[in-house]
Amino acid sequence: MKAYKDMSRDELLSLKASLLEQYKTEEAKGLSLNMARGKPGATQLAISMPLLDEINSKSDMTTLLGNDTRNYGDWDGIGECRQLMADMMEVKKANVVVCGNSSLNIMYDTVVRSMVMGVNGLTPWCKLDKVKFLCPVPGYDRHFKITETFGIEMIPVPLGEDGPDMDMVEEYVSGDDAVKGIWCVPKYSNPTGITYSDEVVRRFANLKPAAADFRIFWDNAYCIHHLYDDMKDKIPNILEECEKAGNPDMVYVFASTSKISFPGSGVSAVATSLANMEYIKKFMTTQIIGHDKINQLRHARFFKNIDGLNAHMKKHADLMRPKFEAVLTVLDRELAGLEIGTWTRPRGGYFISFDSMPGCAKAIVAKCRDLGLVLTGAGATYPYGRDPKDSNIRIAPSFPTPEEMFEAAGMFALCVKIVSVEKLLGQ
């Protein structure tokens, strides 16, 4: 295929006319497809339905230690669920607190606690003149929304194929005591799907913060969300690495079963040092008597152990893989060689990241919306919703069927072509 930038103006005009005819054909179909968020599809939800049969009115409601899950107690989660989440997160059970259904909720609470009460007895962030967070980009929009809500200044850090630009991270963290945290999605990152390299993880663990209350917010949301049995990414244990480096309190690790069992009805957990746990406990036991232990028991009995979790995730992978491959097949067929976009090829997670020509992302998303294809808003993967290049688009293949994904990817590619041609004609 001839690159669009190498075409003459007459060739571009002719191409545009042809593309607009295709667009009219697609528009007439009146389709409605949604790739805006990483929602599991109906077939994925169906494989977790037996979970609901684990407990009924005749069930034994006691834990392995004999505690009654219908009653008060086990503020940090029932033992078997703590063990299950610890094995999933590859940490020790002693370092885990199991909470409600949302890890985002734990992250939000952690920021609120730091703002109002401080970190482990240090000055509350709300009493400081300036609080800053580092934000690898492109990144997770809901992370950015938390820090934006509390007026925390967000500093974009470029995300490469092996993780964030660590030279920049180290410079900011060691040189500015107003830098209090960094958002991280270390495995199958949202939205690029990249996994941090061993070197990057160890450089994180060996940071020398100017602020004693600097914390790494390590959102390991996709820790077991592999797409391929023979290509499973693995990263060093950040808690262990921080301990080795003499920084045991520097990290909070978050995870949940939201995309494993049921979004909104799963279980979440935070893993951190014992000192951090004691401080969390001080406020959590005032905030809440305990989370839903019956749901924790249901999950523990359904999955049983890490082998059960992994077997369940293989079923998810079998359902997700064709959707990802549908998108990549169409992008390769329709856009390869045109030099109007690049895209990632994840081995796991929930997203594909697409970079258009600069200045085109918003127009592509708008044109897709007019065809009935809803995408995450352009700019959402950057702090304050501002992508300086206006080029990044997050594609979420999970919710539609594989057949719908072929259709949706074709519509997307068509919109990319039209907007790119118009951009080149306008230059």
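Give G337, G359 a once-over and let me know the one that is under 22 Å from G139 (Cα atoms), touching a residue at least 40 places away in the same chain (Cβ under 8 Å) and surrounded by fewer than 19 Cβ atoms within 10 Å (Cβ to Cβ).
Going through G337, G359 in turn, the sole match is G359.
Residue pairs whose Cβ atoms lie under 7 Å apart, sitting 6 or more positions apart in sequence or on different chains, and linking a residue in region 362-377 that is within 10 Å of L33 (Cα to Cα) to a partner that is of a type in the set (S, T, Y), are G372/S32. Only a single item in (1) open to solvent by 40 Å² or more (accessible area, probe 1.4 Å); (2) of a type outside the set (V, I, T); (3) at pLDDT below 95 is not met by K93, and it is number (3). Number of residues in region 225-240 that are open to solvent by 40 Å² or more (accessible area, probe 1.4 Å) and in contact with a strand residue (DSSP E or B) (Cβ under 6 Å, 6 or more places away or on another chain) equals 1. Taking region 382-427 as the range and being within 17 Å of V330 (Cβ to Cβ) and of a type in the set (K, R) as the test, the residues that pass are R394, K417.
Would you call K234 in contact with a Lys or Arg (Cβ under 9 Å, 6 or more places away or on another chain) and not aromatic (F, W, Y)? Against the criterion (in contact with a Lys or Arg (Cβ under 9 Å, 6 or more places away or on another chain) and not aromatic (F, W, Y)), K234 qualifies.
Here are G77, G73: which of them is more than 23 Å from F262 (Cα to Cα) and either of a type in the set (G, A, S) or modelled with pLDDT of 95 or more (or both)?
Values: G77 fails: more than 23 Å from F262 (Cα to Cα).
So the residue among G77, G73 that is more than 23 Å from F262 (Cα to Cα) and either of a type in the set (G, A, S) or modelled with pLDDT of 95 or more (or both) is G73.
Need at least 2 residues that are of a type in the set (K, R) and over 22 Å from W125 (Cα atoms) per element, so show me which helices (runs of 4 or more DSSP H) inside region 159-271 make the cut, counting only ones lying wholly within it. So that I can check it myself, show each step before the final result.
Numbers: elements: 166-175, 198-205, 238-244.
In region 159-271, 198-205 are the helices (runs of 4 or more DSSP H) which contain 2 or more residues that are of a type in the set (K, R) and over 22 Å from W125 (Cα atoms).
When M117 is tested against (1) open to solvent by 60 Å² or more (accessible area, probe 1.4 Å); (2) closer than 30 Å to T344 by Cβ; (3) in contact (Cβ under 8 Å) with a residue 60 or more places away in the chain; (4) in contact with a helix residue (DSSP H, G or I) (Cβ under 7 Å, 6 or more places away or on another chain), only condition (2) is not met. The set of residues in region 124-138 that are free of Cβ contacts under 8 Å to residues at least 60 places away in the same chain, out of contact with any Leu (no Cβ under 6 Å at 6 or more places or on another chain) and outside any helix (DSSP H, G or I) comprises P124, L128, D129, K130, V131, K132, F133, L134. Among all residues of region 409-419, there is none that is open to solvent by 40 Å² or more (accessible area, probe 1.4 Å) and in contact with a Gly (Cβ under 7 Å, 6 or more places away or on another chain). Per the conditions (1) at pLDDT 95 or above; (2) open to solvent by 20 Å² or more (accessible area, probe 1.4 Å), the sole criterion not satisfied by M107 is (2). The residue that is farthest from L227 (Cα to Cα), among those in region 302-323 that are open to solvent by 70 Å² or more (accessible area, probe 1.4 Å) and basic (K, R), is K304.
Scanning region 330-337 turns up no residue that is in contact with a Phe, Trp or Tyr (Cβ under 8 Å, 6 or more places away or on another chain) and modelled with pLDDT under 95.
Determine whether region 286-297 contains at least one residue that is in a strand (DSSP E or B), open to solvent by 10 Å² or more (accessible area, probe 1.4 Å) and modelled with pLDDT of 95 or more.
Filtering region 286-297 down to residues in a strand (DSSP E or B) leaves none.
Within region 286-297, none of the residues are in a strand (DSSP E or B), open to solvent by 10 Å² or more (accessible area, probe 1.4 Å) and modelled with pLDDT of 95 or more.
Condition check ((1) acidic (D, E); (2) buried (at least 21 other Cβ atoms within 10 Å of the Cβ); (3) more than 27 Å from R37 (Cβ to Cβ); (4) touching a helix residue (DSSP H, G or I) at 6+ places or on another chain (Cβ under 6 Å)) across all residues:
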site	(1), (2), (3), (4)
E170	yes, no, yes, no
W183	no, yes, no, yes
P191	no, yes, no, no
A221	no, yes, no, no
K259	no, yes, no, no
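Of the residues making up region 366-408, just one is in contact with a Lys or Arg (Cβ under 6 Å, 6 or more places away or on another chain), assigned to a helix (DSSP H, G or I) and crowded, with 22+ Cβ neighbours inside 10 Å, namely M405.
Collect the residues in region 120-164 that are among the acidic types (D, E) and open to solvent by less than 60 Å² (accessible area, probe 1.4 Å), keeping them in residue-number order.
The answer is D141, and nothing else.
Consider region 1-60 and keep the residues that are within 22 Å of I364 (Cβ to Cβ), surrounded by fewer than 14 Cβ atoms within 10 Å (Cβ to Cβ) and small (G, A, S). The one that is farthest from the chain's Cα centre (by Cα) is S14.
The values are calculated or read from the model by the stated rules, or taken from the named source; none is laboratory data. Computed from a predicted structure; not experimentally measured. Here the Cβ is made from the backbone with ideal geometry for all residues, glycine too, and neighbour counts use every protein chain on show. For the accessible areas, the whole protein counts, side chains as well, though only heavy atoms, and no ligand, DNA or RNA atoms are used. Shrake-Rupley method; radii C 1.70, N 1.55, O 1.52, S 1.80 Å.
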